[in-house]
Amino acid sequence: MLGVLGCIAAFQATGAPPLEEPRQSPNGRLARERLEAVQASLDALAAQRRNLLPRPDGLLDLRSVFHAHAGDSSHTGGKPEEMLAAAKVAGVRVVFLSDHFRPPRDYMDSWRGLRDGVLFIPGSEARGFLLHPEASVFPLMDKPVPELIPAVVRGEGMAFLSHIEERPDHPMTGLTGLEIYNRHYDAKRDVTGMLQLVLRLTDPERLKELSELLRRFPDACLAAQCLYPQAYLDKWDAATATGRFTGVAANDCHHNQIFLLKKVDDETALLGTIVDKDEGMRKVRASLRPTLRPMLADKEPGAIVARLDFDPYERSFRNVCTHVLAPVQTEHALRAAVKAGRVYVSHDWMGDPSGFDFRLVAGGPGADALMGDERPWAAGQRLEVRSPIPATLRLVRDGQVEAMSEGDRWDHPVTRPGVYRVELWLRLDGERRPWVYSNPIYLRAVR
C-alpha cells in the first residue's frame, strides 16, 4: 500500500452500495458517538453468535490472508517476524505472501511452510497480479503476460488479477481468479477522510481525541474506510458468467500507515508516514495552521511531535480475511482448495464468521455442491446458507439481486440456471455493512 497521504488525488470509483438506506461516510464513522454505537452493536452481535456444529464434509475453515507484504520494499514498514506474531494474535492460519519483485532476489526464496503453527506460501505482487507459482519462474518474470501467466499457473500455481480499479478491462484468460476486495482501494477513494486526517494530526486537541479513539476502537477506526467494492464485484460477476474464477481478499498490508508529525522549526512541520523520506513528506506551516504552533513549541528540530499507528498487522488481518475450506493445513491442500473456489471473504473484525456455509442441495445422491463447484441446473435444487450470526442474507445471481432474507439460516429454491453467490450484511449503528462474500456455485443450463 502506498502512503495514504499520497492517495488524495488518486482514482475514485463511483459505484453505489446496493442497499439503499442512510449510510455514514468514512469520516463520519470516526466520530466518537458513531464509534461507541458501533461497539455496542458489535457486543450485541457477539452475544448472538452461536458455534455451529463441525462441517459434515470434514473441511477446516482456515483463516487466511492474501496480498501481504513484509520487509520486501522501501514502502513496507513491517518484517516477517512481526507478521508471524500478528497472525497468531489474529488467529490467521495461512499467509499468502506477495513480495514486491526485486531482482536479483527470487521471491520464491521467501518464507515457506509452517512456522509456529502458521503456514506461509510465497508469492509476488508483480505486473498487476498476485503470483503464486508452485516453483520459481524467475527467468520468465520479464516475459509478456501471455507467456508469464501460463508458467505461473502450471501445476498447483495460481495467479490473481490485482487492483481492479487500475485495470477494469484486463482479460481474465488463464487466471485463477481476482481480488474481490482490496483495502488499498478504500484508502485511495477516501479523499475527504485523508484531508481530515491532516487536520486532526496538526491540532493538539483533535489529535488527543483521535489517539484515544484509536486506542479504544482500533478495528472500527481502520474499518471506517471500508465500502462495498462495487467495481471489483462487477468485474467478478462478468468473469464468472463464462468461466470459474476464485475471488479472494487483498489485505494489501505493509504496516506502513504509521503517521508522523516531525518538527522542522517553530513554524514548520513535516507530515507523512514511517516509510516516507523527509523530502517526500507534506510540509505544514503554522501560518496556515495556527494550531500547530503549540505542538512545535519547546521541541528540538527533527523531533517526532505526533505518532499514530493505524495498521499493525493483527489489525489489518482482522480487517479482512480470505477463509479457505481445506481438509488439512498444508500448502498442497490450500492451493487445491483455493483453485477449486472453496473460499469466502469476510471482514472478521465485525464478527467471527467461522461456520459460515453456502451449498447446493440437489435432492438426490451425488449432485450436492459446495462453493466453487459447477453443476447442471435441474428442477428441485435448493441453496442453503448457514451463518453463526443473524444477518441480512443477499443472494446474487449473475450479478443481480435474486432474493434477500434475514436470519442465520436460509433455504432458497433454485428455479433457473445461473451463477449464484451470497453476501451477508450486519447492522452496525443502524447501518448495514457488508460482512461476508461467498464464492459462487455455478449452475449451468443443460444444452
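Structural remarks
- Centre separation in Å (Cα based) which lies between the stretch 268-343 and the stretch 365-387: 41 Å
- Taken about its Cα centre, the stretch 258-309 carries a charge dipole of roughly 180 debye when the Cβ of each Lys and Arg holds +1 and the Cβ of each Asp and Glu holds -1.
- Area projected by the alpha carbon convex hull of the stretch 348-415, averaged over all directions, nm²: 5.2 nm²
- Computing Rg and the Kirkwood Rh from the Cα coordinates of the chain gives a ratio, Rg/Rh, of 0.98.
- Among VAL153, VAL65, VAL324, the residue with the largest mean-square fluctuation in a Gaussian network model of the chain, with springs joining Cα atoms closer than 10 Å, is VAL153.
- Here's the picture: charge each Lys and Arg Cβ at +1 and each Asp and Glu Cβ at -1 in the chain, and of GLY71, LEU213, ILE164 the one pushed furthest to the positive end of that dipole is ILE164.
- Residues THR415, THR392 arranged by fewest to most Cβ contacts within 10 Å: THR415, THR392
- Put in order of Cβ neighbour count within 10 Å, fewest first, the listed residues GLU33, GLU402, GLU125, GLU314 become GLU33, GLU402, GLU314, GLU125.
- The trypsin sites (Lys or Arg not before Pro) of the stretch 218-293 meeting both criteria, a DSSP state outside H, G, I, E and B (loop) and at most 16 other C-beta atoms within 10 angstrom of the site's C-beta, are LYS277.
- Selected from PRO413, PRO122, PRO133 as most flexible by GNM, with the chain as the system and alpha-carbon contacts under 10 Å: PRO413
- In plain terms, the chain from ASP142 to ASP57 could stretch by 26.4 nm, reckoned as 0.36 nm per residue minus the Cα-Cα distance.
- Residues whose amide H comes within less than 5 Å of that of LEU428, counting only those at least five positions distant or on another chain, are ARG433 (H built at 1.01 Å from N in the peptide plane).
Each value in this text was obtained by applying a stated rule to the coordinates, not by laboratory testing. Since we're looking at a predicted model, the values are computed, not measured. Here the Cβ is made from the backbone with ideal geometry for all residues, glycine too, and neighbour counts use every protein chain on show.
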